[in-house]
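Colleague: Just passing along the structure, written as structure tokens.
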Amino acid sequence: MGELSRIRKILDGLRDPDEKVRQRSWEEVEKIAEYDISYLARHRLYLRSLLWHRLKGVREDAWKHLAVYKLLYVEGLKKTLSAKSDKVKIEAWSHYYDLLNLEIVTKDDLIKEREHFWKLLKSYYPTIRKRAWNVFPVLVKEGVFQKGDRERYLSFMRSPKPGIRIKAWQKAVVLVNLGFLTKEDISNNLNYINELLTKESNIKKMAQRILKVLGV
């Protein structure tokens, strides 16, 4: 088998449904990238497409290898922050630190694209919503979301959708400690979490726990 054919087979393995095949293929790609990136450079668009791949495992593995993308000068990765697919977008924002550390995007890029992150907080997919809510306080700490975004966040704490509202309140204490929200924001909006005490049992239990933490 010629070298180019071997590389083609390795690249095909990056999108294989079998996790072990993908793992071996990425290991080979990393080895090739160490001695001659020209073999891989002609496949930049293919490698970039893996970040948008329909299979979750393929996408996740690709995101774990951003250093390879940086080495190959793969362009257009910033577009993932504003991708139409929430499944792609959450991967990008979840890997914001790697994108910054590898200088693929700048902090200003994240600030400019933060509108797209807001949408993840109310994504149709529960697992994506959960990941987004967990990432939000970290982005606040990094300065991506600032005091000017406070009113937008308060609208989530007042959301007519109980599932969204409870998530916003769950992060309230952390956000007060980070200086993003104020104690007055909490006290002035307590009626919105008190309303949740009348909802179905799971939401009610979460609201009770939050109120206990808030000490009210």
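Colleague: Determine the distance separating the Cα centre of the range 33-94 from the Cα centre of the range 177-208; give it in Å without decimals.
Modeller: The range 33-94 and the range 177-208 have Cα centres separated by 39 Å.
Colleague: Please list log₁₀ I(q)/I(0) at q = 0.23 Å⁻¹ for the range 8-79, using the Debye equation with identical point scatterers on the alpha-carbon positions.
Modeller: These q points yield log10 I(q)/I(0) values of -1.03.
Colleague: Further question on the same structure: LEU45 to TRP118: FRET efficiency via 1/(1 + (r/R0)^6), r the Cβ-Cβ distance, R0 22 Å, to the nearest 0.05?
Modeller: 0.15
Colleague: LYS161 versus LEU178, label points 7 Å from Cα toward the beta carbon: distance in nm?
Modeller: Placing both labels 7 Å along Cα→Cβ, they lie 2.1 nm apart.
Colleague: Which of the lysines could be linked to LYS205 by a straight reach, that is with a Cα gap under 17 Å, when you skip same-chain ones fewer than 8 residues away?
Modeller: LYS161, LYS167, LYS171
Colleague: Tell me which of LEU45, GLN208, ILE104 sits at the most positive position along the dipole axis of the chain, charges placed on C-beta atoms (Lys, Arg +1; Asp, Glu -1).
Modeller: Highest projection toward the positive end goes to GLN208.
Colleague: Still on this structure, please answer the following. Among TYR73, SER5, SER123, which residue has its Cα furthest toward the positive end of the charge dipole of the chain, with +1 on Lys/Arg Cβ and -1 on Asp/Glu Cβ?
Modeller: Farthest towards the positive end: SER123.
Colleague: Among all the aspartates and glutamates, which ones have a C-alpha under 20 Å from LYS147's C-alpha, if same-chain residues fewer than 8 places away are not counted?
Modeller: List returned: ASP108, ASP109, GLU113, GLU115, GLU184, ASP185.
Colleague: If you don't mind, another one. About the Cα centre, and with charges only on the beta carbon of Lys, Arg (+1) and Asp, Glu (-1), how big is the dipole of the chain? Nearest 20 debye, please.
Modeller: Dipole size: approximately 960 debye.
Colleague: Can you give the charge dipole size of the range 146-216 about its Cα centre, rounded to the nearest 20 debye, using +1 on the beta carbon of Lys and Arg and -1 on the beta carbon of Asp and Glu?
Modeller: 220 debye
Colleague: Same structure again: Considering the Cα positions of the chain, please state its Rg to one decimal place and its Dmax as a whole number of Å.
Modeller: 21.1, 71
Colleague: How fast does the range 146-216 diffuse by Stokes-Einstein, in µm²/s, taking the Kirkwood radius from C-alpha pairs at 37 °C and 0.692 mPa s?
Modeller: 273 µm²/s
Colleague: Identify all lysines with a Cα-Cα distance to LYS31 below 21 Å; exclude those on the same chain that are fewer than 8 residues away in sequence.
Modeller: LYS9, LYS20, LYS64, LYS70
Colleague: Then there's this: For the range 104-195, what percent of Cα pairs sit more than 19 Å apart?
Modeller: Tail of the P(r) past 19 Å holds 37 percent of the pairs.
Colleague: Kindly put ARG165, ARG6, ARG129 in sequence by how many other C-beta atoms sit within 10 Å of each C-beta, fewest to most.
Modeller: Least crowded to most crowded, the residues run ARG6, ARG129, ARG165.
Colleague: HN-Hα J couplings of the range 202-216 from phi, Karplus 6.51/-1.76/1.60, θ = phi - 60°, integer Hz, Gly and Pro as x?
Modeller: In residue order, the calculated couplings are 5, 4, 4, 5, 5, 4, 4, 5, 5, 4, 5, 5, 6, x, 10 Hz.
Colleague: In the range 146-216, with Lys and Arg counted as +1 and Asp and Glu as -1 at Cβ, which of these residues, GLY179, ALA168, SER155, has the Cα nearest the positive end of the dipole, that is, farthest along it?
Modeller: ALA168
Here, each number is a calculation from the coordinates, and none is a lab measurement. Just so it is clear, the structure is predicted and the values come from calculations on it, not from any experiment. Using ideal geometry, Cβ is built from the backbone for each residue, glycine included, and neighbour counts are taken over all protein chains shown.
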